[in-house]
1. Name the pairs: first residue in the stretch 77-97 and within 16 Å of G184 (Cα to Cα) and open to solvent by less than 50 Å² (accessible area, probe 1.4 Å), second residue in a loop (DSSP other than H, G, I, E, B) and at pLDDT below 95, Cβ to Cβ under 7 Å, at least 6 apart or on different chains?
2. Of all residues in the stretch 153-165, how many are touching a Ser or Thr at 6+ places or on another chain (Cβ under 9 Å) and surrounded by fewer than 16 Cβ atoms within 10 Å (Cβ to Cβ)?
3. I'd like to verify a number: residues in the stretch 22-64 that are hydroxyl-bearing (S, T, Y) and in a strand (DSSP E or B), how many?
4. When only residues in the stretch 45-76 that are within 14 Å of the chain's Cα centre (by Cα) and of a type in the set (D, E, K, R) count, which is nearest to I165 (Cα to Cα)?
5. Of everything in the stretch 67-86 that's of a type in the set (D, E) and assigned to a loop (DSSP other than H, G, I, E, B), which residue is nearest to K158 (Cα to Cα)?
6. In the stretch 58-109, how many are within 25 Å of L25 (Cα to Cα) and hydroxyl-bearing (S, T, Y)?
7. If we keep just the residues of the stretch 61-71 that are without any contact (Cβ under 8 Å) to a residue 40 or more places away in the chain and surrounded by fewer than 19 Cβ atoms within 10 Å (Cβ to Cβ), which is nearest to Y33 (Cα to Cα)?
8. Which pairs turn up if I take residues in the stretch 111-127 that are on the phi > 0 side of the Ramachandran plot and open to solvent by 30 Å² or more (accessible area, probe 1.4 Å) and look for partners that are of a type in the set (D, E, K, R) and not in a loop (DSSP other than H, G, I, E, B) with beta carbon separation below 8 Å, at least 6 apart in sequence or on another chain?
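The values are calculated or read from the model by the stated rules, or taken from the named source; none is laboratory data. Fair warning: this is a prediction, and the values are worked out from it, not measured in the lab. Cβ coordinates were reconstructed from backbone atoms using ideal geometry, including for glycine residues, and neighbour counts include every protein chain displayed. For accessibility, only protein heavy atoms count, side chains too; no ligands or nucleic acids. Shrake-Rupley method; radii C 1.70, N 1.55, O 1.52, S 1.80 Å.
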Amino acid sequence: LGIVVVVLLGVAGGAWWLYSSLDSLVASAIRQYGPEITGVSVKLSSVKIKPADGSAALRGLVIGNPKGFKTDHALSLGEISVTLDINSLTTDVILIKEISIIKPGVIYEHASGRSNLEVIQRHVEKYVAGKAGGKADPKDKGPGKKFVIEHVYIKDGKAEVSAEILRGKTMSVTIPDLHLTNIGKRTNGATAG
């Protein structure tokens, strides 16, 4: 009986530690595996996850540039937050109540016949194909989960463009705020793609 109590206390203590450390564990994973997946630096200010509420937020995410590009970074996000219906996680269609993207920034830089975003995308595709054992076709895994997204907000966005002739300087345009609703609702769920 004493051993059972000690084991139960150990499991409960481990579960409590995991729950209380979730934010730092996810932040560490993003900082560690992000560069491996993207092939560029990945910086992140903070993560806040509330599993009981079905909400999560990333703040201060900055995706760097591949070698040979002169702008500061390729992508940045002031904050991205997601709230979902946790009861829908066990169904075929996951209900996401809201996705909010605050201060997204994209810098499209073209140099040596390619763009920074293309180089990052190719690295991600190569990484995924390598981890899937050479299978990059998502059809091989069956239909998968679908999603309904009630609200998507994109606020305070900015897009910039640069070319070799600009030597790291950019020309920018402000992206108007967007509000999309009921994505995937009429089709009983949209695919992740």
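1. That search, which allows pairs on different chains as well, returns L84/G54; D85/G54; V93/N188; V93/G189; I94/K145; L95/D85.
2. Applying the first criterion (touching a Ser or Thr at 6+ places or on another chain (Cβ under 9 Å)) to the stretch 153-165 yields 153-162, 164.
Subsequent filtering for residues that are surrounded by fewer than 16 Cβ atoms within 10 Å (Cβ to Cβ) retains 153, 156, 158-159, 164.
The number of residues fulfilling the criteria is 5.
3. Filtering the stretch 22-64 down to residues hydroxyl-bearing (S, T, Y) leaves 24, 28, 33, 38, 41, 45-46, 55.
Checking the rest, the ones that are also in a strand (DSSP E or B) come to 46, 55.
Of the residues in the stretch 22-64, 2 are hydroxyl-bearing (S, T, Y) and in a strand (DSSP E or B).
4. So the residue we want is R59.
5. Of the stretch 67-86, the ones of a type in the set (D, E) are 72, 79, 85.
Now drop any that are not assigned to a loop (DSSP other than H, G, I, E, B), which leaves 72, 85.
Values: D72: 14, D85: 30 Å.
Here the answer is D72.
6. 6
7. We begin by selecting, within the stretch 61-71, every residue without any contact (Cβ under 8 Å) to a residue 40 or more places away in the chain; these are 61-62, 64, 67.
Still in the running and surrounded by fewer than 19 Cβ atoms within 10 Å (Cβ to Cβ): 62, 67.
On the way: V62: 14, K67: 18 Å.
Applying the filter and picking the extreme gives V62.
8. Listed by first residue and then by second, the contacts come to S112/E164.
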